[in-house]
Amino acid sequence: MNGKFRNFNLDKNILKALNNLEYNKPSKVQSEVIPRLLNRQNVIVKSKTGSGKTASFAIPICENIDIDIKEVQALIVVPTRELALQVKEEVSNIGRIKKVRCSAIFGRQPIKEQIRELKQRVHVVVATPGRIIDHIERGTIDLSKIRYFIIDEADKMLNKGFVDDMEFIFNKIGKNSINGLFSATIDMDIQNICDKYFVESSLIEIETNEDINKKQIEDKKYISEEKDKYDNLKCIIYSESPKSLMIFCNTRERVIRLFEKMKKDKFLVAQLHGDMSQDKRIFVIKDFKEDKFNILVSTDVAARGIHIDDISLVINYDVPHDKENYIHRIGRTGRKDCYGKAITLVSSKDEKYLDEIQEYTGYEIQELQHINKDNILIGKLKYEEMSRKLLKDRKTIKQEKKVHSEITKIYLNAGKKKKIRVVDIVGALSNIDGITGDDIGVIDVRDLCSYVDILNHKGELITKKYKEITIKKKTVQLRKDRQS
């Protein structure tokens with residue numbers, strides 16, 4: 001289907017959100033998947049990272065959510081915490097004007113806080129397998145009335161460590177759910193699940209791995225023994241002079257060691273690996289997106305689910321031992337029909353892994369023969385100038401572009417401990433002149449405070465006129481949320 005999103009006959013509030021998000025024309029995967037999921041068809045989708053697949057299931061989910069039903073209506077299972085947060089953000093942005101509420105639940109996060117959130121009206125849950133099973137066993141989530149069940153990054157999810165978990169979850173999903181499986185690759189584990197649980201499904205294959213790399217990503221190998229790797233890495237960086245760069249290592253120790261070397265050499269660099277706290281990892285990804293540094297050294301924790309659309313170069317400092325991770329690593333560049341480049345440093349001990357990757361992708365990775373010394377000298381000057389500009393820009397506070405300008409999030413300094421409920425907040429706000437129930441969006445009542453989306457450009461009216469309101473005979477302070 002060509003054309004625009006309005007051709008799908010979507011709710012006006014979903015269309016408005018998509019317009020605000022600057023989603024003007026459906027991508028190929030969206031054109032294929034959205035009408036099928038809207039028409040209650042199960043789908044198996046083979047599509048590369050960066051093709052717009054998250055929106056392809058988020059849009060029909062948000063379209064078919066009944067916001068008046070309290071039970072969870074959609075479950076999206078993902079392999080990592082980072083991906084859970086990013087999928088939640090996209091679902092929330094698409095459904096925000098319609099008042100769709102989405103929650104992300106994963107490990108290393110207080111389960112009591114998750115239970116509190118699930119007790120409120122949550123329409124969509126994005127979860128990692130272990131934590132959703134924990135909630136199922138505690139009885140804090142009921143999947144029997146799920147309308148949509150989506151497995152994202154299935155090639156990671158359905159490896160041998162996750163197959164039993166996914167079987168458990170499948171058996172808790174209601175028989176009437178619409179199921180979708182999304183993967184960049186489809187191996188035997190995935191095929192077995194498809195044969196068992198996706199008997200009546202449309203198979204949608206958008207592009208082959210070869211098409212991806214030949215069209216959008218130029219990937220090269222550079223022969224380098226271990227002792228020369230760091231010097232060669234610097235030469236590549238200076239000669240390529242990328243605006244943004246991701247460097248992948250195979251282990252946490254390798255990441256830390258390389259990060260420390262690069263920091264000592266005054267590169268604007270940060271590190272990302274699984275031993276870092278969740279909050280730290282979130283802040284690192286956020287700062288990378290906001291150009292506070294331009295080099296991220298990471299393990300494969302960042303190979304999937306980090307949606308940054310303008311990474312100009314990926315360098316594999318280590319050849320991945322898992323051939324599928326090669327596809328996901330280089331897929332960080334060349335996203336959304338943009339051109340990208342990837343270079344893999346290959347030592348003699350890596351040749352067997354490289355052979356497996358080439359057999360898997362179906363093409364030979366061409367060798368980068370030499371690095372022009374003149375380019376290194378010119379590139380070094382250019383790169384250092386770019387780094388100085390980044391440092392200068394760090395000092396300037398940037399106003400992040402607001403996605404939904406008609407929505408203002410307000411903060412109230414009262415919550416559950418003062419026996420405040422959602423219905424109490426709706427009642428108090430509806431008593432304000434010019435405010436109706438249609439102007440009140442998603443409400444999040446926490447222990448000590450509450451957050452409310454005010455729609456239709458009426459948030460400024462409230463925050464300018466009122467510094468406090470009365471809720472259940474209690475005086476409650478009101479202000480615009482600082483993150484709004």
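Overview of results
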{"read-out": "Residues that are buried (at least 16 other Cβ atoms within 10 Å of the Cβ) and not β-branched (Val, Ile, Thr), drawn from the stretch 235-251", "value": "CYS235, TYR238, SER239, GLU240, SER241, PRO242, SER244, LEU245, MET246, PHE248, CYS249, ASN250"}
{"read-out": "Members of the stretch 245-267 that are within 21 Å of GLY331 (Cα to Cα) and in a loop (DSSP other than H, G, I, E, B)", "value": "CYS249, ASN250, THR251"}
{"read-out": "The stretch 339-369, residues that are modelled with pLDDT of 90 or more and of a type in the set (Ser, Thr, Tyr)", "value": "THR344, SER347, SER348, TYR353"}
{"read-out": "Exclusive hit being of a type in the set (A, V, I, L, M), within 28 Å of VAL29 (Cβ to Cβ), buried (at least 21 other Cβ atoms within 10 Å of the Cβ) and touching a Lys or Arg at 6+ places or on another chain (Cβ under 9 Å), set ILE65, ILE150, ILE59, ILE44", "value": "ILE65"}
{"read-out": "Pairs, first small (Gly, Ala, Ser) in the stretch 59-79, second modelled with pLDDT of 95 or more and not in a loop (DSSP other than H, G, I, E, B), C-beta under 7 Å, six or more apart", "value": "ALA74/ILE61; ALA74/VAL124; ALA74/TYR148"}
{"read-out": "Selection from the stretch 295-338 of residues that are at pLDDT below 90, over 21 Å from TYR360 (Cα atoms) and more than 14 Å from the chain's Cα centre (by Cα)", "value": "ASP310, ILE311, SER312, LYS336, ASP337, CYS338"}
{"read-out": "Elements of type strands (runs of 3 or more DSSP E) in the stretch 397-484, at least 2 residues being of a type in the set (Lys, Arg)", "value": "474-480"}
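One line per residue, one yes/no per condition, for (1) at pLDDT below 90; (2) within 25 Å of the chain's Cα centre (by Cα):
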residue	(1), (2)
ILE407	no, yes
ASN413	no, no
LYS416	yes, no
ILE425	no, no
ASN431	no, no
GLY441	no, yes
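Here's the yes/no breakdown for (1) over 20 Å from ASN13 (Cα atoms); (2) in a strand (DSSP E or B); (3) assigned by TED's automatic domain parsing to the domain that holds ASN179:
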{"residue": "ILE44", "(1), (2), (3)": "yes, yes, yes"}
{"residue": "PRO60", "(1), (2), (3)": "no, no, yes"}
{"residue": "ILE67", "(1), (2), (3)": "no, no, yes"}
{"residue": "VAL72", "(1), (2), (3)": "yes, no, yes"}
{"residue": "GLN86", "(1), (2), (3)": "yes, no, yes"}
{"residue": "ILE94", "(1), (2), (3)": "no, no, yes"}
{"residue": "VAL100", "(1), (2), (3)": "no, no, yes"}
{"residue": "GLN109", "(1), (2), (3)": "yes, no, yes"}
{"residue": "LYS112", "(1), (2), (3)": "yes, no, yes"}
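The values are calculated or read from the model by the stated rules, or taken from the named source; none is laboratory data. Note that the structure is a prediction, hence the values are computed from the model and not measured. Neighbour counts are summed over all protein chains in view; Cβ atoms, including those assigned to glycine, are modelled from backbone coordinates with ideal geometry.
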